[in-house]
Amino acid sequence: MNQIIPADRNQITFGSLEEAISVNDPVRFLDAFVEKLELSKLGFQMKNVQIEGRPSFHPKLFLRIYLYGYQNGIRSSRRLEKECKRNLEMQWLCGKLIPNYHTIADFRKVNGNALVNMFKLFVTFLKEADLIGGKTIAIDGTKSRAHNSKKNNYTSKKLDRHFQYIEEKTKEYLSQMDTLDQEENASQLSDVTEKLDRLKRIN
């Protein structure tokens, strides 16, 4: 019986990251969103470029990583690092750069409030790009209910509550990331301690 033969792992192939990502892949919207951001207006801390020493990562790299994690439910800095290594979409987003989990987590600690602002803006962007559902329509200076039901009619107060809800969920998400990172770090430390104790017993 004939079977499909897998590719030879030793075969050298040529290709690019660009051609590996579909033109309709939502990750392209994410990349375009980050490119348009004015980081200083959102409150991100910009480091001065050092002439000497190892170059630093651009802040927009971390925004791509965090937004991809936000969009795909990845809440651990270790997992985000792992995705940078193995995930084709993440490789395309980051240009194959792989910051370690400490660096990813540190960026969040320094820019927590700015990330909240960015996530709120991101949700609005996704709605406008029809990547998620949303029926909020704001009409400046006009109260127009027409045949609209009260449920689907949005006043300024409803809009404020809506954006407050987004902010609360964003803070909850970032808090979960902090908790998960602490739990994983404690678990790693426990594993190392246990192995060291085992080595001492052998000696």
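Summary of values
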quantity	calculated
J(HN,Hα) series, the range 12-17, from Karplus relation 6.51 cos²θ - 1.76 cosθ + 1.60, nearest Hz, glycine and proline x	7, 10, 10, x, 10, 5
Of Lys36/Lys169; Lys60/Lys96; Lys36/Lys96; Lys85/Lys109; Lys127/Lys171, those spanning more than 18 Å from alpha-carbon to alpha-carbon	Lys36/Lys169; Lys36/Lys96; Lys85/Lys109; Lys127/Lys171
C-alpha center-to-center spacing [the range 27-41, the range 55-115] in angstrom	14
Paramagnetic label zone (point 7 Å from Cα along Cα-to-C-beta, Glu183; backbone N under 14 Å) in the range 57-75	74-75
Trypsin sites (Lys or Arg not before Pro) within the range 1-59: DSSP coil, no more than 16 neighbouring Cβ in 10 Å	Arg9, Lys47
Calculated from backbone phi, Karplus (6.51, -1.76, 1.60) coupling profile of the range 110-117 in Hz, x at Gly/Pro	7, 10, x, 5, 5, 5, 4, 4
³J(HN,Hα), Karplus 6.51/-1.76/1.60, whole Hz, each residue of the range 21-27, x for Gly, Pro	10, 4, 5, 9, 5, x, 5
Those GluC sites (Glu not before Pro) in the range 1-83 that DSSP places in a loop and that have at most 15 other beta carbons within 10 Å	Glu38, Glu52
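Read-outs throughout are calculated quantities, based only on the coordinates presented, and are distinct from any laboratory measurement. Every value quoted in this text rests on a predicted model; they were computed, and no experiment measured them. FYI the Cβ positions are ideal-geometry reconstructions off the backbone, even for glycines, and counts take in every protein chain you see.
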